Amino acid sequence: MLVVMNAQATAAQIEGVAQRICELGFVPQVIPGQTCTAIGVTGNKGPIDRSRLLRLPGVEQVVRVTGPYKRVARAARPGRSSFPVASTHIGGGFTLIAGPCAVESARTILETARFLTERGVRLLRGGAYKPRTSPYSFQGLGSEGLACLAKAREETGIGIVTEALDVENVARVEEVADIIQVGSRSMQNYPLLRRIAQTRKPVLLKRGIAATVEEWLMAAEYLMSDGNQQVILCERGVRSFGDYTRYVLDLAIVPVLKHLTHLPVVVDPSHATGDARYVPSMALAALAAGADGLLIELHRNPSQALSDGAQALDFDEFVELHAKMKSVAAALDVELR
Ligand code: PEP
Ligand code: MN
């Protein structure tokens, strides 16, 4: 942490801040500058409460030098996080996760699972509990949907990704899921994060609709500080003034997250664009940008989908995109799973 003194700060005020830093048990390092003096705070083992220094006379601002997140930070471990999930792996390659927005029936989810496994895709995503903007919209099949997912896994061996919407349902979701999804709207539901951390299952943590990087990484920190080391960040678009897509896909976040954290990063171009016509190009861009995988909404018959039909690829569109992904992955020397 760095305390920046204002240009008019007196020597006594600088000394006062240095003394306060000592009282707090840290070591001050005074750095005189041309127009103002800064005082580095060193010797701390954990985060320091900025407000202890901000109100002292002569202080202009108190700047954090390192992020408040510790376990998710890149420096926290050598190399990047990667872990096995079902019969595949997340991290160190490009992992496809696909499926309908919601589980709609045992028959259609099994058909989708078969379609994916035949093409070497090993993770099926489908919601049983859906966070819908309108209370009048289809809310998901609940435990019946989970049973359909379990059956699809039993028959095909595909891994299951599905959302836990509230603390009460985590135990049920945990039984079926290989990866538990935390939806955008739940990113800052801290009791839910804490409960999901206890499952020790890999967690797909979607970015909140208007979350800053720090808020997002602090949500990941909740999971990790409670002992769950298998966290996947999922960029799914943020709210902005652009209205030509449903949200604005923040692809630049991929290299930023790679710089700041060791966690794998998955991109969801389906919810970000909200339009199947734009999904393939953004999917390929995510691969080129260095993401660790994709979450793609896929439906046998998008016009019949009970939710998010506009953004779902149909099976033919998926096959076409998959072929292009193979070419791009080969060109980049990335393992496509
Ligand atoms: C979803 O994954 O189907 C979903 C509702 O996504 P998000 O939480 O990103 O809106
Ligand atoms: Mn959806």
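The numbers here are math on the coordinates, done by the rules we state, and not lab data. Note that the coordinates shown come from a computational prediction; the quantities given were computed from them, not determined experimentally. Here Cβ is always computed from backbone atoms with ideal geometry, including for glycine, and neighbour counts include all displayed protein chains.
State the Cα centre-to-centre distance between segment 19-71 and segment 210-253 in whole Å.
29
Once the Cα atoms of helix 106-118 and of the chain are each reduced to a long axis, what angle between those two axes, in degrees from 0 to 90 to the nearest 10, is obtained?
80
Most fluctuating residue of His271, His262, His89 in a GNM of the chain with Cα springs under 10 Å: which is it?
Evaluated over the chain, the most mobile residue of the options is His89.
Say each of Arg300 and Arg194 gets a label point 7 Å from the Cα, pointing the same way as Cα to Cβ; how far apart are those two points in nm?
The two pseudo-label positions are separated by 4.3 nm.
So the label point goes 7 Å from the Cα of Lys326 along Cα→C-beta, right? Which residues of segment 120-138 then have their backbone N under 17 Å from it?
Answer for this model: 120-122.
To test your reading of the geometry: what angle, between 0 and 90 degrees and rounded to tens, separates the Cα axis of helix 143-156 from the longest principal axis of the chain?
In the chain, helix 143-156 runs at an angle near 70 degrees to the longest axis.
Tell me the relative contact order for segment 56-162 as a rounded percent, counting alpha carbon contacts under 8 Å between residues six or more apart.
Contact order relative to length: 26 percent.
Going out from 0 in 10 Å bins, what whole percent of all Cα-Cα distances in segment 197-337 drops into each bin?
12, 38, 35, 15, 0
Dividing the Cα radius of gyration by the Kirkwood radius, what Rg/Rh value follows for segment 2-63? Numbers along the way, then the final one.
Values: Rg = 10.5 Å, Rh = 11.4 Å.
With Rg and the Kirkwood Rh in hand, the quotient comes to 0.93.
Along each principal axis of its Cα atoms, how long is segment 258-337 end to end? Whole angstroms, biggest number first, please.
Extents along the principal axes: 40, 27, 18 Å.
What is the calculated FRET efficiency for Arg185 to Val30, with r their C-beta to C-beta distance and R₀ = 30 Å, to the nearest 0.05?
Working: r = 46 Å, r/R0 = 1.55.
Rounded to the nearest 0.05, the efficiency is 0.05.
So between Ala310 and Asp226, what do we pick up on full extension, going 0.36 nm a residue minus the alpha carbon distance?
The span from Ala310 to Asp226 would gain 26.5 nm if fully extended.
If the cut-off is 27 Å between C-alpha atoms, which lysines fall inside it for Lys45, apart from same-chain ones fewer than 8 positions away?
Within the straight-line limit of under 27 Å, Lys45 reaches these lysines: Lys70, Lys258.
Above 34 Å lies some portion of the pair distances; for the chain, what is it as a whole percent of all C-alpha pairs?
Working: 17944 of 56616 pairs.
Percentage above 34 Å: 32.
Rounded to the nearest 5, what % of DSSP beta bridges with both residues in the chain are antiparallel?
40
Suppose we keep just the alpha-carbon trace of segment 1-156; what are its Rg and Dmax in angstrom?
Values for segment 1-156 (Cα only, Rg and Dmax): 27.4, 76 Å.
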